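Chemist: My structure is below; once you've seen it, I'll send some questions.
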């Protein structure tokens, strides 16, 4: 009952906060986050998990990016160290610092107002993911600042479900990520 009540409040609160920028700032401040800029400013979001797939990002989350590009972050590695649902049966993607690695993904250009909705769909602000601004290179090597989501994961990686991993693989292929990254995802073991 408490879960459905919180979900109902979020369904009302998020659209209001996204439209009334001072309320969004207060909401973020309550979670110890700052919300800078103007609601119509463009920002880049770096997707490395299921959000690379259009059926998740555009259809389920309702995001309509102004532009997309391939991109990578250096100094991080892809991990599957989060508890999925049902617990122990799936492990969603996460990133963690590793100076010798890189992670490829899809860069989406969004309005800050749209990013508030995306954040909320990912549980930000909240207890799981936190937004992190990273230096990213697009597929042509141009440097950008982009936001990504990172969580405190388990020490040991779990195993993603085949359904989830297929979203990553198909999203990477559809968006033209490098063959070496597609091959890397193909080698990831699944449940």
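Chemist: With farther than 27 Å from residue 37 by Cβ and without any contact (Cβ under 8 Å) to a residue 60 or more places away in the chain as the only criterion, which of 99, 122 stands out? Before the answer, list the steps.
Modeler: Working: 122 fails: farther than 27 Å from residue 37 by Cβ.
Only one candidate qualifies: 99.
Chemist: Select the helices (runs of 4 or more DSSP H) contained entirely in segment 79-191, then report the ones holding at least 2 residues which are closer than 29 Å to residue 21 by Cα. Even if it seems obvious, please write down each step before you answer.
Modeler: On the way: elements: 112-121, 162-174, 179-186.
Filter on segment 79-191 gives 112-121.
Chemist: Additional query: Consider residue 165 carefully, then state whether it is farther than 20 Å from residue 64 by Cβ and out of contact with any strand residue (DSSP E or B) (no Cβ under 6 Å at 6 or more places or on another chain). Walk me through it before giving the result.
Modeler: Numbers: farther than 20 Å from residue 64 by Cβ: yes; out of contact with any strand residue (DSSP E or B) (no Cβ under 6 Å at 6 or more places or on another chain): yes.
Yes.
Chemist: Would you mind telling me which numbered condition in (1) under 30 Å from residue 184 (Cα atoms); (2) surrounded by 19 or more Cβ atoms within 10 Å (Cβ to Cβ) residue 84 fails?
Modeler: So the condition that residue 84 fails would be (2).
Chemist: Considering only residues that are at pLDDT below 95 and touching a helix residue (DSSP H, G or I) at 6+ places or on another chain (Cβ under 6 Å), look in segment 102-124 and name the one that is surrounded by the fewest Cβ atoms within 10 Å (Cβ to Cβ).
Modeler: Among those residues, the one meeting the criterion is 113.
Chemist: If you go through segment 38-71, how many residues are touching a strand residue (DSSP E or B) at 6+ places or on another chain (Cβ under 8 Å), surrounded by fewer than 12 Cβ atoms within 10 Å (Cβ to Cβ) and assigned to a loop (DSSP other than H, G, I, E, B)?
Modeler: Count: 2.
The values are calculated or read from the model by the stated rules, or taken from the named source; none is laboratory data. Just so we're clear, the structure is a prediction, and the values are computed from it rather than from any experiment. Please note: Cβ atoms are built from the backbone with ideal geometry, for glycine as well, and neighbour counts cover all protein chains shown.
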